[in-house]
1. Can you tell me which residue in the stretch 781-800 is surrounded by the most Cβ atoms within 10 Å (Cβ to Cβ), limited to those that are within 16 Å of the ligand (Cβ to nearest atom) and aliphatic (A, V, I, L, M)?
2. Quick check: anything in the stretch 450-462 more than 16 Å from the ligand (Cβ to nearest atom), in contact (Cβ under 8 Å) with a residue 12 or more places away in the chain, buried (at least 21 other Cβ atoms within 10 Å of the Cβ) and within 10 Å of the chain's Cα centre (by Cα)?
3. Do we have Phe617 as part of a helix (DSSP H, G or I), in contact (Cβ under 8 Å) with a residue 12 or more places away in the chain, within 12 Å of the ligand (Cβ to nearest atom) and open to solvent by 20 Å² or more (accessible area, probe 1.4 Å) here?
4. Please pick out the residue among Tyr196, Tyr205, Tyr247, Tyr227 that is part of a loop (DSSP other than H, G, I, E, B) and touching a strand residue (DSSP E or B) at 6+ places or on another chain (Cβ under 9 Å).
5. For the stretch 595-603, indicate whether the set of residues that are within 16 Å of the ligand (Cβ to nearest atom) and surrounded by fewer than 21 Cβ atoms within 10 Å (Cβ to Cβ) is non-empty.
6. Go through the stretch 357-389 residue by residue and tally those that are over 20 Å from Val335 (Cα atoms) and in contact with a Leu (Cβ under 6 Å, 6 or more places away or on another chain).
7. For the stretch 544-593, how many residues meet the condition of being within 26 Å of Thr613 (Cβ to Cβ) and either away from the ligand (no atom under 16 Å from the Cβ) or out of contact with any Gly (no Cβ under 6 Å at 6 or more places or on another chain) (or both)?
8. Quickly run through the stretch 716-735 and pick out the residues that are touching a helix residue (DSSP H, G or I) at 6+ places or on another chain (Cβ under 6 Å) and assigned to a helix (DSSP H, G or I).
Amino acid sequence: MLKIYDLRCNGLIQAYGLTSSSICYSWKIQGKNALKPVKYSLKVIDERHILIWEKEVDAAELNLLSVDYDGPELAAHGCYRWQVTGYDSNGERFVSQSDFTIGNTDNNWQALWIDGTYERKFSQDQTNVMKIFTGEAGPCEKPDEVLNPPICLRKTFQTNKKISKALAYATAHGIYRLSINGAEVGNLLAPEYTSYDKYLEINQYDITNFLIGNNHCIGAVLADGWYTGKIGLLGIGDQHGERNAFYFQAHIFYEDGTEEVVVSDTTFKWHTGDWDYADLFIGEKQVPGRLEDAWTSPDYDDRDWLSVNATSYSTEAFVGRAADPVKVIRTFEAVDIITTPSGELVIDAGENIVGWVKLTVKTTTDTTIELTHSEVLDHEGNFLMNILGQNKNQTDVYELKVAGEYTLEPYFTFHGFQYIKVQGLRKEDIIKAEIVVIGTELRTTGSFKCSDPMLNKLQENIFRSQQGNMISIPTDCPQRERAGWTGDMQVYAPTACFNMDVYAFLDKWLTNVELEQSPDGQIQNITPTMDSDKYIARKEGDNFASAAWGDACVIIPYTMYHKYGKKQILSKYYNMMKKWMDYVEREASSSFIDGVDQLSDEMQEHHKYLWNTGVHFGDWLYPSSENPFGSADMTKEYVAPTYFAYTSGLMAEISDILGMAEESHRYSTLSQRIKEAYVAVYFDEEGRLPVELQGLYVLSLATDCCPEDRRASVARHLDTMIKENGYRLDTGFASIAFLLDVLYENGCEETAYKLLNQDQAPSWLYEVKMGATTIWERWLAIMPDGTRTNASYNHFAFGCVGDFMYRRLGGLYEESPGYQKVLVAPDIDCGLSWAELMHECPYGEIQIRWERKAEAVSVDVRLPIGVEGILRIRDEEWVITQEHYELPVAVTC
Ligand code: BGC
């Protein structure tokens, strides 16, 4: 019997309040491969149970298990059910269904933006980068004095007819927590982090069941969030605006066919609540009980509340749900509460996570509790604040005025941590310490395990770092910057797509990347962009888009196409990519390194194809460099042109996929021309580059910017460099994702595996050996002597090695986009005795397990229905027709 599961509307688990102009349904199937679905029938039924659309599709004609809606226009605020019925070859039916709703596509926004009438305090954040980097500007010393309290907003209203449906819409400049008649509705940290002036998420909530009786109350708490709060590397506030505001509009539909709209306006009142302040970086201070809990109920006496200010900020940037929301994804009890050698009380979560601690405590007198979060303890086991910088306090404070039992947790902040220093409590006062992990709701689609426990731990760490850095946007790290650095995501994209279904999440973020693209085509290094980014290492007039970071606008959609099989991700962002490539081409042909005019005409001509000037991050953080900007300066001249050659090549492929033959030809000629120029300008007779760094050879080989006849010797040279470095890598952000494959594909498999299995720093397994539970930003975040540095311990970029493991060790390759055809080719000579993986591709679950036995290799493969596969072991191939293979492969151990 076949089963349909993981139904998605527009790729979402929670498809509520959609405003997208197109609707698409997708699903996966499970069952025996012999039972093929023959056709599918799709239906959409409206809330009156009327069938409004029906479509039959031949299973054979479906490219992916997805069908676009092409029925009558869907109504604003409409609630629908969609149903998919499959028919198998035996004539059996299998059915599944799900709901979706449409947002306010009429755009008849009637509400006013509202805010409390208080004078906002402004903190004088330091914008001098050097002062921030040298530690002169550190944690906020008196948050009470410089931060503003979240405010409570309320309004009552009546209904006196039978309600058939009520939908509320809410958004904010800042973040809000919404309740209707005291019951909480809404998601965490809403609205999420976007390029607010161009894209502001407005969420829809079904509040029908909350409107009981005739008298109702809307209650909202409004806090700073990303809008006015401290954000980014520099930890500066007010990056998106200087005041918060709240926006609310509910559409109440009565059974008699009438409709009423309840809006935020000057009839709302405001008051301060249980918070003195709440900031994403600094933390939150609560004084529980200061405001009666009943303030969200209709009969609460709000006579002493104040009137709100109403403003007419725009509603133009409103967008309905396009990715699933942030939510609590896991809770577990802290593994330990310790007293450190220096006598401090510290909660140990047991792993480095992102979220907060929910603490149940009892107090006998008035108490102030301070909880400070950090990712590591020092060498002696004492609490150490590893995240330094302006406003990076990561400290929550609870002022408990009355003795009693409390359950405490923050609402408007989150932290990256494993350890929490507790001040103001004794160990015996803590009844329970529950760790709450938050993240964007993303379906887990991948797992990998093998006979090496260290590699298994590495995979766990990769997964955990992915989870911790996918909170609304893909971030570099969840504590120090929380910024949507394009380069980090680009490097990590293939691994990300294996582990989780990140399609809608990345699609939404890419929409913002495009919205932030400058008119001249430059891609911001961070999306959402913040002004403070501009203070970093740039002079007036400098370019801001860095190679390998800006290139994300091509590489990420390209990766998504291959992993998810949807062509539209390429067509949707083609303009952005093209604008970016045009910018790079212009830069290359118009800006030259010193001395070019002294060169021969031929050489001058070559230089027109080299993007080798401007501000770039280069092969960021290659470990032998003494400092990050040093790593950038040393390598940028080589990283930028090789990436230019690479992305031009991708553009040729993308244009071809989209049927644009002329463009495809243009880009492949361009890519070829860049490669020739790079070889002519940078390679000497011996096949050496002017700068002897591993990463630069890796990039040359990976992007074909390498003399064709000397490929083998260049690879040998790279191999020798690695051997001479004690089989340790020396690659940074721009080259690392290519490193192992370049070695592997150029006859240096052994070196690739030695690097992967290396446990001396810098290496992946060194981190594991040192007890890491996440992927570090820097290989030597903990030094061999145990010294803890101030790096981030949760950066997913170097976790990109996952992609290599899933392919080479696990054996899974997508032979056609979306895994419609797969190649199962585990390298049984990789040194492992077995490996297994699961990947849920758009068609369903792929499972591979291989094991070396005395004189054979057994391979178990399960492919989803409709997916074809080839099994390749060493040089032998079999068409996959069964689930178990016992292959008499000569095995040398
Ligand atoms: C971030 C990176 C980012 C980089 C730019 C850092 O501060 O943490 O991960 O890509 O800056 O080079």
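The values are calculated or read from the model by the stated rules, or taken from the named source; none is laboratory data. Small disclaimer: the values here were computed from a predicted structure and weren't measured. Note that each Cβ is placed from the backbone with ideal geometry, even for glycine, and that neighbours are counted across all protein chains shown. Ligands, DNA and RNA are excluded from the accessible area calculation, which covers all protein heavy atoms including side chains. Shrake-Rupley method; radii C 1.70, N 1.55, O 1.52, S 1.80 Å.
1. Ala797
2. The first filter runs over the stretch 450-462 and keeps only residues more than 16 Å from the ligand (Cβ to nearest atom), leaving 450-461.
Checking which are in contact (Cβ under 8 Å) with a residue 12 or more places away in the chain leaves us with 450-452, 454-455, 457-461.
Retained after the next criterion (residues that are buried (at least 21 other Cβ atoms within 10 Å of the Cβ)): 450, 455, 458-459, 461.
Applying the additional criterion that residues be within 10 Å of the chain's Cα centre (by Cα) yields none.
Among the residues of the stretch 450-462, not one is more than 16 Å from the ligand (Cβ to nearest atom), in contact (Cβ under 8 Å) with a residue 12 or more places away in the chain, buried (at least 21 other Cβ atoms within 10 Å of the Cβ) and within 10 Å of the chain's Cα centre (by Cα), which makes the answer no.
3. Numbers: part of a helix (DSSP H, G or I): no; in contact (Cβ under 8 Å) with a residue 12 or more places away in the chain: yes; within 12 Å of the ligand (Cβ to nearest atom): yes; open to solvent by 20 Å² or more (accessible area, probe 1.4 Å): yes.
No, not satisfied.
4. Just one listed residue meets the conditions, Tyr196.
5. At the first step, the residues of the stretch 595-603 found to be within 16 Å of the ligand (Cβ to nearest atom) are none.
Within the stretch 595-603, not a single residue is within 16 Å of the ligand (Cβ to nearest atom) and surrounded by fewer than 21 Cβ atoms within 10 Å (Cβ to Cβ).
6. 3
7. The initial filter retains those residues of the stretch 544-593 that are within 26 Å of Thr613 (Cβ to Cβ), namely 544-556, 558, 575-593.
From what is left, the residues that are either away from the ligand (no atom under 16 Å from the Cβ) or out of contact with any Gly (no Cβ under 6 Å at 6 or more places or on another chain) (or both) are 544-547, 550-556, 558, 575-593.
The number of residues fulfilling the criteria is 31.
8. Scanning the stretch 716-735 gives Leu718, Asp719, Met721, Ile722, Phe733, Ala734, Ser735.
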